[in-house]
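A short worksheet on the structure shown next.
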Amino acid sequence: MNRNAFLFVISRQESGASAAFRQSNRDTPRHFTRLYIIGLSVIAGLTIAGQGLVQRSINSQHSGSHVVNQAGSQRMLSQRIALKIANYDEAQADGRAQIRDIVALRDHWVATHAELFAQVDAVAFDRGAQAALTGLLNDLHQPMQRMSGMVDTLANRGSLTKTERSAILTDQEIFLPLMDAVVTGFEQSVRARLAFLQSLELTLMFLTLVVLALEAVLIFRPAVKRLWASLEQQEQQAQQTAKRLESLRHLAGGIAHSFNNILTSIQGHGELQRLEAESLRQNTEYIDAQIHGCKRAADIVAQLLKYSGYGRFDRHPTQLAAWLGELAKSIAPAGSSTVVEVKVLEDAMVAMDREAIRQALHGIVANAIEAMAGRGGKVVVQLQQISLVEPRAMAGPYRTALPPGLYACIRVIDDGDGINAEDIDRIFDPYHTGKQFGRGLGLAAILGVAHGHGGGIEVKSKFGCGTTVSLYLPMMEAGTEQFVTRRSPV
């Protein structure tokens, strides 16, 4: 079974469950979205109504206070009129001026009384209060008319008799208690209306809290549960996929080992056959072709082992700065106009298979140079130490994450054409082809070399703006064989 058939079988096993899961994921957000919109609309309506009641309360309080002040002003006006009439002396030189002031006060008093009549319906809290206030104002009408008539008499005649003045005081004694009752009635109506509006506001606030609670219980809580369930299911699917990919790596490694044993046998017999043919002075052309084919197959098997991450790596402690300096002299392809520059920000010691890492860096740099599209330029190979305080996700189909620790980071930076976002993960697929990524196992084998050293690869790129490929290798403490990370080598 080839790799494509193996992946096809895996995908068919997951297709039914995945289809149901996707359909559920499509329907569930719509359901919760509808409920959320309904709940939000109710809350918005309650909020608008509450704000309307608040504004109405403010307006009612303002207008009610104005009416109460008018009623209080009526009481004072009647007292001022009575006082001015009592103090009026026709013998004084400004007698006519005093009469004009009394007439003006009387006119203002009568006009205010008419305004109070007009505002009873707006201020009275209910029909009972409205009837009571209307009755009190009607009772005030007779003493007001008598006092107003006395003012007209004063204006026409220029004087009042003692009896007429005594009648004004009598009417004043009737008017004041009635006016006090009117003021009290208006105040009670204003307080009752404000209390009613405040109770409505509290009711709306309570209803809003109830709707919020129901929304939390009926919408947000199930939505969060569903989200967690969806995330857990996706995590499980990702873990299953990672396990299947891990199985594929094991399969590739096992097949590679088996083929390597077979190829070793075929190549050994071919060598023996070649020696025998040479001793008999026979043509060895076909035997040489057989041995050459075995060597090419052995190279592919070696790449498969690198891709699986289970190849044999002969590791030695290496100071990367000096090693990269020597490597830079030969890493650029012959005849290329691209300059490879090594920048050492921080030196680092790692345990690595120098030949495997050399081939990996050679492949990465070759891809970077190819990305320059033959126009030349500069590829920077940068070395520094990276301290990870939390796991960092690496590139590749396995979605591995490096554990916290200290790593040597070798970055290959180019200003080439860059990589499309949808192609970044695919560049690590075996036999993925593209003008930048080479052919064959390519970066897949390089990724296997990184995993085999307990490290990883990170790719950052933007189409048209170049690419940065970072190779992470766990560092070693100087003079020891201990890794600075807490990770056991793969």
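What the table below lists for this structure:
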{"item": "Neighbour net charge for L178 - beta-carbon separation under 11 angstrom, K R +1, D E -1", "result": "-3"}
{"item": "Extension gain, Y36 back to V339 (0.36 nm per residue minus Cα-Cα distance, nm)", "result": "103.2 nm"}
{"item": "Column: log10 I(q)/I(0), Debye, Cα scatterers of the range 111-199, q = 0.13 Å⁻¹", "result": "-0.52"}
{"item": "Extension gain, S65 back to V110 (0.36 nm per residue minus Cα-Cα distance, nm)", "result": "14.2 nm"}
{"item": "Amide proton proximity set for M475, modelled H, under 5 Å, gap of 5+", "result": "L406, Y407, A408, V484, T485"}
{"item": "Theoretical gain in end-to-end length, D288 to A401 [0.36 nm per residue, Cα-Cα removed]", "result": "36.1 nm"}
{"item": "Where labels lie 7 Å past Cα in the beta-carbon direction, separation of Q188 and W323 in nm", "result": "9.9"}
{"item": "Separation between Cα centres of the range 76-92 and the range 156-228, rounded to whole Å", "result": "37"}
{"item": "FRET efficiency for R354 and Q240, using Cβ-Cβ distance with R0 set to 25 Å, rounded to 0.05", "result": "0.10"}
{"item": "Distance between the range 355-372 and the range 441-468 - C-alpha centres, whole angstrom", "result": "10"}
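Bear in mind these aren't lab numbers, they're just calculated from the coordinates by the rules spelled out. Computed from a prediction, not measured in an experiment: that's the story for all the values here. Here the Cβ is made from the backbone with ideal geometry for all residues, glycine too, and neighbour counts use every protein chain on show.
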